[in-house]
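The values are calculated or read from the model by the stated rules, or taken from the named source; none is laboratory data. Keep in mind that what you see is a predicted model, and the values were worked out from it rather than measured. All Cβ positions, glycine included, derive from the backbone under ideal geometry; neighbour counts span all protein chains shown. Areas reflect the complete protein model, heavy atoms only, side chains present, ligands, DNA and RNA absent. Shrake-Rupley method; radii C 1.70, N 1.55, O 1.52, S 1.80 Å.
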Amino acid sequence: MPVLQTDQAGFLLDGQPFRLLSGGLHYFRVHPAQWADRLHKARLMGLNTVETYVPWNLHQPRPEQFRLDGGLDLPRFVELAAAEGLHVLLRPGPYICAEWEGGGLPSWLLAEPDMRLRSRDPRFLAAVDDYFRRLLTPLLPHLASRGGPILAVQVENEYGAFGEDTAYLEHLADSLRHCGVDVPLFTCDQPSDLERGALPGVLATANFGSRSVEHLAELRRKQPDSPLLTTEFWIGWFDRWGAGHVVRDADEAARELDDLLSAGASVNFYMFHGGTNFGFTNGANDKHTYRPTVTSYDYDAPLDEAGDPTAKYTAFREVIAKHAPVPEEPVPARGPKLALPPVVLTESAELLPNAAALAPAAVRSPRPLTMEELAQDFGFVLYETVLPAAGPVLLEVEQVRDRAQVFVDGRPVGVLERENHEHALAFTAPAAGSTLTVLVENQGRVNYGPGIHDRKGLLGKVLLDGAEPAGWSCRPLPLSSLADLPFTADAPTPVGPAFHRGGFEVAAPADTFLHLEGWTKGNAWVNGFPLGRYWSRGPQRSLYVPAPVLRAGTNEVVVLELHSAHRARTVEFRGTPDLGPIGE
């Protein structure tokens, strides 16, 4: 059994010196049919280990449900890693950050109005214990202590940046052990947070992307008798809507890597392969201003979003070869890409008139209910109330989470955005009894800091001319299925939110990129697979389409446009991505 041990000199595997050369590869951000390809490329770069977070919110979408199937078949991912000769570092949370929706914490936790996440709140701990039991029981055969590839398991994630309750961390460690985890545990924190995030008796590791020698010395002072491990060696970064595409010079990152390995440390690249925030799964940050993350998680990593080697792949492989054996096989070639003529979206279905086809169960309430109160994870929520009189109206919302499009009798009258700290909108009601409709988009729950208590929808008081309306209709629109939408062919281009559908032919499936020039904001699906969000503000201007999503023959693309559709209602599938201009 490949048992991992520690001493001052470093790690020992089966009693022999062992250096962890690992890379972040999140199975939930990669199509499962592509897992084996990405793992193979990890080994060819010289890695002996892969690391993955585990998104609690996807695995347990409701308290009574637990999923380990399809793209969430973590045991299969671990088995594929083992088949490739790779070990695994497992980071199950419960909180993962990861620029992922809510840091991986399930939204149903926030249905409790006073729930305190990442704390010793008994309700939170009970939910965590249940999650660990459900997740870890089927993974026990894959622990290194039982002959499997999982060498070590992380306790929480960068907790020192959030709190300093050692008893909370102790509970999590005890829960992991109670569930049968008998491989080494570890914590990870940024160097300045090591004291608050460490747990006595558990290996502390550091996260950084520069000044490697300095930060490793700090880690050594913290625990002089333990190995040095950088659990997150930041070699790129993520992008947010409205900013530039972030990149990091490959040669500069390679020099930092050489310094780190020359100091005798082990490393986990964050990321080796970033992948994609498919569907509605991107997270957000809120440091006094809300900033949602884009769909792509390319991360300027050694493997790009489509799994092709970048300049960093070659540069890192050369550095690793100075410190450890690297396979003699050549750097993998780029995969084939698909380019097609423009696709015309000939069919449409308006969102507001067809809301009942998307989610028939609307809930009546004296006030707008949050998404969490509606047992909703992702997507939109549609609120409606009656305007009592004709004439000017002032709508005031205490908190918009995150973007509210406002309509009167189906006509758009304005937008309120959390990002711009907007809370009020003036418009005119054409008649008494007109319908006020507010379509609210969850643009991603905050994944870092105290803002993780991020409930969605219209929060607090909602006033019309200073008075609360008599009542609201609240309809969750998770958009998990579009099968019942009544599309109409060759209808005039709708004004306002609408779905647009078109067909296209593929001779042989290959990776491609959906470009949406001329469209404003919304989401896209190919053959029912949710590609993610697009937004003309950029930086990202294309969406990655994995080859396994396509099929030989006829395929379907659906675009939800929240504002104005492309005049010709066309989209393009091209062989190259557009992640936007480089910038901060």
Report the residue count in region 572-584 for those that are in contact with a His (Cβ under 7 Å, 6 or more places away or on another chain) and not in a loop (DSSP other than H, G, I, E, B). 3
For residue 395, which of the numbered conditions (1) in contact (Cβ under 8 Å) with a residue 60 or more places away in the chain; (2) assigned to a strand (DSSP E or B); (3) open to solvent by 30 Å² or more (accessible area, probe 1.4 Å) fails to hold? (3)
Residue 457 on the phi > 0 side of the Ramachandran plot and at pLDDT 95 or above: yes
Restricting attention to region 399-446, which residues are closer than 19 Å to residue 386 by Cα, in a strand (DSSP E or B) and open to solvent by 20 Å² or more (accessible area, probe 1.4 Å)? 411, 412, 413, 414, 415, 424, 425, 426, 428, 435
Filter region 531-577 down to residues that are modelled with pLDDT of 95 or more and open to solvent by less than 50 Å² (accessible area, probe 1.4 Å), then give me how many there are. 29
Go over the candidates 467, 491 one by one and state the one that is more than 30 Å from residue 104 (Cβ to Cβ), exposed (fewer than 13 other Cβ atoms within 10 Å of the Cβ) and not basic (Lys, Arg). 467
Odd one out for residue 336, checked against (1) modelled with pLDDT of 95 or more; (2) more than 30 Å from residue 377 (Cα to Cα); (3) open to solvent by less than 30 Å² (accessible area, probe 1.4 Å); (4) of a type outside the set (D, E, K, R): (3)
One residue is enough: does region 150-168 have a residue meeting the conditions touching a residue at least 40 places away in the same chain (Cβ under 8 Å), small (Gly, Ala, Ser), surrounded by fewer than 21 Cβ atoms within 10 Å (Cβ to Cβ) and not in a loop (DSSP other than H, G, I, E, B)? yes
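Scan 226, 210, 175 and give me the residue that is at pLDDT below 95 and surrounded by fewer than 22 Cβ atoms within 10 Å (Cβ to Cβ).
Within the list 226, 210, 175, the selection yields 226.
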Got a sec? Which of 506, 495, 462 is modelled with pLDDT of 95 or more, of a type outside the set (Phe, Trp, Tyr) and under 30 Å from residue 341 (Cβ atoms)? 506
Cβ contacts < 8 Å: first residue touching a residue at least 24 places away in the same chain (Cβ under 8 Å) and on the phi < 0 side of the Ramachandran plot, restricted to region 518-537; second residue among the acidic types (Asp, Glu) and buried (at least 22 other Cβ atoms within 10 Å of the Cβ), any location; separation 6+ or different chain. Result? 519/561; 520/561; 521/561
So if I check each of 259, 249, 239, which one is in contact with a His (Cβ under 7 Å, 6 or more places away or on another chain) and either under 24 Å from residue 99 (Cα atoms) or charged (D, E, K, R) (or both)? 239
Give the number of residues within region 511-530 that are of a type in the set (D, E, K, R) and either surrounded by 20 or more Cβ atoms within 10 Å (Cβ to Cβ) or closer than 19 Å to residue 28 by Cα (or both). 2
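Tell me, which helices (runs of 4 or more DSSP H) wholly within region 30-130 include 1 or more residues that are small (Gly, Ala, Ser) and surrounded by 16 or more Cβ atoms within 10 Å (Cβ to Cβ)?
By residue number, 35-45, 74-83.
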